[in-house]
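Presented below is the structure to which this report refers.
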Amino acid sequence: MGRTNGYWPKHPKKDLQALLLRFHRLKWRIEFRSGGNYYKVKCGCPGRHYRNIHKSPSGANYALDVRKWLDRTERECLAARREEAAHEEQAQS
């Protein structure tokens, strides 16, 4: 496996590599252990979301399912960040 724009080994499937790049652009941490069968992506929001991305997924809709999960989770993270900022603003006043 070669390396790409990120700090993780390139995913063998192009659509899942594109999703890993999207996770990276959204400031998610991507972990891959040598000899492992999956990547672990972790969010930095207060909800502490994470998901495993398999190297050889079994379903034809796997990438679509991951993309939909990411869209839902990002909305939750955005709401959590806004709520946290409002609490901090209230505490300062």
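In the stretch 28-53, the residues that are in contact (Cβ under 8 Å) with a residue 40 or more places away in the chain and under 14 Å from Trp69 (Cα atoms) reach residues that are part of a strand (DSSP E or B) and open to solvent by 50 Å² or more (accessible area, probe 1.4 Å) with C-beta atoms within less than 9 angstrom, at least six apart or across chains, in these pairs: Ile53/Tyr38; Ile53/Lys40.
Filtering Arg81, Arg29 for residues that are of a type outside the set (A, V, I, L, M) and at pLDDT below 90 leaves a single hit, Arg81. With respect to (1) over 30 Å from His87 (Cβ atoms); (2) open to solvent by 50 Å² or more (accessible area, probe 1.4 Å); (3) without any contact (Cβ under 8 Å) to a residue 24 or more places away in the chain, the lone exception for Gln17 is condition (2).
The values are calculated or read from the model by the stated rules, or taken from the named source; none is laboratory data. Not measured: the values here are computed from a predicted model. Methodologically, a virtual Cβ is constructed for each residue, glycine included, from the backbone with ideal geometry; neighbour enumeration extends over all protein chains shown. Calculation scope for accessible area: heavy atoms of the full protein, side chains included, ligands and nucleic acids excluded. Shrake-Rupley method; radii C 1.70, N 1.55, O 1.52, S 1.80 Å.
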